[in-house]
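First comes the structure, then the notes that go with it.
The values are calculated or read from the model by the stated rules, or taken from the named source; none is laboratory data. Everything numeric in this text was worked out from a predicted model, so none of it was measured. Note that we place each Cβ from the backbone using ideal geometry, even for glycine, and neighbour counts take in every protein chain shown. Surface areas here come from the heavy atoms of the whole protein model, side chains and all, with no ligands, DNA or RNA. Shrake-Rupley method; radii C 1.70, N 1.55, O 1.52, S 1.80 Å.
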Amino acid sequence: MAWNYTDLVKQHFFQPNNVGVLDNADGTGKVGSIACGDALKLTIKVDKENDTIEDSRFQTFGCGSAIASSSILTGMIKGKTLEEALKITNQEIAAALGGLPPEKMHCSVMGREALEAAIADYRGEKAGPEEEEDEGRIVCNCFGITEGKIRKVVAENNLRTVEDVTNYTKAGGGCGSCIDEIETILEEFSDARPEQTQEKKKPKSPKLTNLQRIALIQEILDNEVRPILQKDNGDLELVDIDGLAVSIRMVGQCSGCRAAGLTTSWIEDKLREIVDPAISLDVVEEGA
Amino acid sequence: MRTIYLDNNATTAVDPLVVEAMMPFLVEHYGNPSSMHEFGGNVANAIEKAREQVASSLGATHPTEIVFTSCGTESDNTAIRSALRSRKSRRRLITTRVEHPAVLTLARHLEREGYDVTYLPVDGNGNLSLNQLEEEMDENVALVSMMAANNETGVIFPVEKAGRIAHEHGALFHTDAVQIMGKLPLDLSSGNIDLLSISGHKIHAPKGIGALYVRRGCRFRPFLLGGHQERGRRGGTENVPGIVALGCAAELSQAHIDEERTRVRALRDRLEKSLLAMPDTRLNGDVDQRLPGTTNISFKNVEGEALLLMLDRKGICASSGSACTSGTLEPSHVLRAMGVPFHFAHGSLRFSLCRMNNDEEVDFVIEALPPIIERLREISLFKD
């Protein structure tokens, strides 16, 4: 598949700036690995008087956009204080190249990580920030991507889908067995997004599609309601779910039970609490 | 800038003679072959002529053994689905780890449908073992599907022997022959191959036309249901210009097959020898058991996409099995199945030559590539 690289990407790929290793570098950052298909080593020279990056060099094993991202980064950090340099986001690296194809955003993330690692090395900090936060647990084994890295990149880039996460971090792009876990992380972020909480009637679950709502109702009935009814030799059958209207049929001892009204209002409350406050529960007569 | 096209396993240029043969069916002879009038009937005759051309170029015993399809992928899907449906009581499929996605994706899908699929491994040279196939066979295997030649490395599989093993256990045998067609002779006379897929655009016909050989006597279930076209074996109005083109291209491919084994092979060998003379390179795939025009070479510590971009700027078209070019994030499944180390797998380059290539083009690549490798190794942080 031919990539649509911008002229700037091509320029920095075909004529990269600052290739090599600095002699007597003050900080070295090395990220990625040959197994993953790309890796970057960034060396920086720091003016200690005013904490400014004087010079830098890179060596990159990787595709066109990885080499271009490395090249442009060395230009972006020159003359910046360490604090200023640390504020450079991966989006800014991509933007400086006139943009990167979505599938290649991980190259900009790699540049930013190498910079963080080089500065941490200069400052004598042993590990990158994610280890400090104790979130070094590996989620994606194929590419060795930690939960901390995924959370960080999702937050910084406001990522919404697993595909986004794969494009930015590679996580999930190998065997795919960690996709469920990435989805769980993304759900946490989507729960926390302000536009969701602004809704007045906030149900316990985020906005559900029809299918998700049906699945959730079924799950509650099967796992939380029916076991209790079954203890009293009763049970219920789910008859229909039409939007927010749920129809059930009481069977066994529950059918014709004098406390049936109490039972149904308990079930209705439970569904309203968990699924949606607007749920209505209808009991169909046996045989109807 | 001139284009040096050495990516013929991806697709080929349409032969001018093929264009000439198909053009009348785009312009004057536009009738529907199913029509009762003579205007349509003449078109039907052209289809039958093409069927004979394809049948004879494959060494099939009868033209009705050929079913025209839209592409190699459709042929593969049709063949595998048909075989499984005609052997309903059997629930196993045996294929290889290095098949084309047209087979592999379907195989994974069949697993989800409850089939038990075995993927035969290959060794470091990309060869597979018939003993292993023999060991895997049992009375529950419905079909063995094995490519005749690998698209990435060019490695050839012993499909006729494998077909015999499949038959000994009452299973059907399918081969994806898309890459071998026109490069090495096929022999269907033994009857060991039940189903065989070919594709037009790999043999200098246009894209959008393929064919499936179905051995006479082999039970068949159509994939596309519709009208009575192709004797009820493939619904849908025929792609007449494509079919005529495929017939012509199949015939031409047989006329040129010796040239593949002599002149094209010599070009490939010269290119390969010269590139392998560079330090830290390796050949991927068996040296001898290979298609004559294909070479797959890895350059250590260099990434394939970067390599292709540099070549592209010189007008050289090739392909790579690196992660960035495979459409996934991992290097080619073929190179991984062969156990090619990562230092090499990401830096693989496939050149695939055809009868339209010449010495001058090979010289140009031999000249252009070494400085590119040197430059990328200079940028790379891996040095040894």
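In table form, for the structure just shown:
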quantity: Accessible surface, 1.4 Å probe, highest first, among residues B:203, B:366; calculated: B:366, B:203
quantity: Residue A:242 - accessible surface, heavy atoms, 1.4 Å probe, Å² rounded to 10; calculated: 110 Å²
quantity: Under 5 Å, built H, 5+ apart or other chain: amide partners of residue A:19; calculated: A:58
quantity: Computed E for residue A:179/residue B:85 - FRET, C-beta separation, R0 25 angstrom, nearest 0.05; calculated: 0.20
quantity: Solvent-accessible surface (1.4 angstrom probe) belonging to residue A:190, in square angstrom, nearest 10; calculated: 40 Å²
quantity: Residues of the range A:212-233 with amide N under 12 Å of a point placed 7 Å along Cα→Cβ from residue A:273; calculated: A:225
quantity: Set of lysines near residue A:207 by C-alpha distance (under 20 Å), chain-local residues within fewer than 8 positions excluded; calculated: A:270
quantity: Nearby lysines by direct alpha-carbon distance to residue A:45 (threshold 29 angstrom, same-chain neighbours under 8 apart not counted); calculated: A:10, A:30, A:78, A:80, A:87, A:104, A:126, A:149, A:152, B:383
quantity: Heavy-atom accessible area per residue - the protein assembly as shown, 1.4 Å, Å²; calculated: 44 Å²
quantity: Whole-Hz couplings from phi, Karplus 6.51/-1.76/1.60, listed for the range B:290-302; x for Gly and Pro; calculated: 9, 5, x, x, 9, 9, 10, 10, 10, 10, 4, 6, 10
quantity: Bins of 10 Å, starting at 0 and running to the largest distance - Cα pair percent for the protein assembly as shown; calculated: 3, 13, 18, 18, 18, 15, 10, 4, 1, 0
quantity: For chain B, Cys with no neighbouring Cys Cβ under 4.7 Å; calculated: B:71, B:218, B:248, B:317, B:354
quantity: Area of residue B:137 that stays accessible when all protein chains are in place (1.4 Å probe, Å², to 10); calculated: 20 Å²
quantity: Square roots of 5 times each gyration tensor eigenvalue, C-alpha, the range A:131-197, largest first, Å; calculated: 19, 14, 10
quantity: In degrees, nearest ten, helix A:64-77 long axis to first principal axis of chain A (Cα); calculated: 70 degrees
quantity: Share of carbon and sulfur in the accessible heavy-atom surface of the range A:131-197 [1.4 Å probe, %]; calculated: 45 percent
quantity: Alpha carbon convex hull of the range A:7-126, projected area averaged over orientations, nm²; calculated: 6.9 nm²
quantity: Relative contact order %, the range B:136-177, counting alpha carbon pairs below 8 Å whose residues are six or more apart; calculated: 52 percent
quantity: Dipole of the protein assembly as shown [Lys/Arg +1, Asp/Glu -1 at C-beta], most positive-end residue of A:22, A:65, B:223; calculated: B:223
quantity: Percent RCO, i.e. relative contact order, over the range A:131-197, from Cα pairs under 8 Å lying at least 6 residues apart; calculated: 27 percent
quantity: Taking the range A:210-284 and dividing mean pair separation by its residue count, relative contact order in percent (alpha carbons under 8 Å, at least six apart); calculated: 30 percent
quantity: P(r) of chain B over all Cα-Cα pairs, binned every 20 Å from zero, in whole percent; calculated: 28, 55, 17, 0
quantity: Selected from B:291, B:340, B:353, residue furthest toward positive end of dipole (the range B:257-379; charges at beta carbon); calculated: B:340
quantity: Positive-end residue of B:70, B:57, B:98, charge dipole of the range B:16-255 with Cβ unit charges; calculated: B:70
quantity: Vicinal HN-Hα couplings computed from phi for the range B:336-348 (Karplus, 6.51 cos²θ - 1.76 cosθ + 1.60; Hz; Gly/Pro x); calculated: 5, 4, 7, x, 5, x, 3, 4, 9, 4, 6, x, 8
quantity: Nearest-ten-degree value, helix A:210-220 long axis tilted from longest Cα axis of chain A; calculated: 60 degrees
quantity: Most to least accessible of B:346, B:333 (protein chains only, probe 1.4 Å); calculated: B:333, B:346
quantity: Chain B - mean residue ellipticity at 222 nm from DSSP helices (-39,500 (n - 2.57) per run, n ≥ 4, rounded to 500); calculated: -12000 deg cm²/dmol
quantity: Accessible area in the full protein assembly, largest first, 1.4 Å probe, for A:61, A:189, B:364; calculated: B:364, A:189, A:61
quantity: Helix axis angle, B:16-26 relative to chain B longest principal axis, alpha carbon, degrees; calculated: 40 degrees
quantity: Residues with amide H under 5 Å from that of residue B:303, placed H, sequence gap 5 or more; calculated: A:62
quantity: Test item: Cα-centred dipole of chain A, Lys/Arg +1 and Asp/Glu -1 on Cβ, debye; calculated: 600 debye
quantity: For residue B:4, residues with placed amide H under 5 Å, excluding near neighbours; calculated: B:316, B:317
quantity: Under the Karplus curve 6.51 cos²θ - 1.76 cosθ + 1.60, θ = phi - 60°, whole-Hz ³J(HN,Hα) for the range B:107-121, x wherever Gly or Pro sits; calculated: 4, 5, 5, 5, 4, 5, 7, x, 7, 9, 10, 10, 10, 5, x
quantity: Nearest-20 debye value, the protein assembly as shown charge dipole, Cβ charges on Lys, Arg, Asp, Glu; calculated: 1380 debye
quantity: Cross-link reach list, lysines versus residue B:183, counting only Cα pairs under 19 Å and skipping chain neighbours closer than eight places; calculated: B:202, B:207
quantity: Net dipole in debye of chain B [+1 Lys, Arg Cβ; -1 Asp, Glu Cβ; about Cα centre; nearest 20]; calculated: 760 debye
quantity: DSSP beta bridges in the range A:210-284 [antiparallel fraction, %, rounded to 5]; calculated: 60 percent
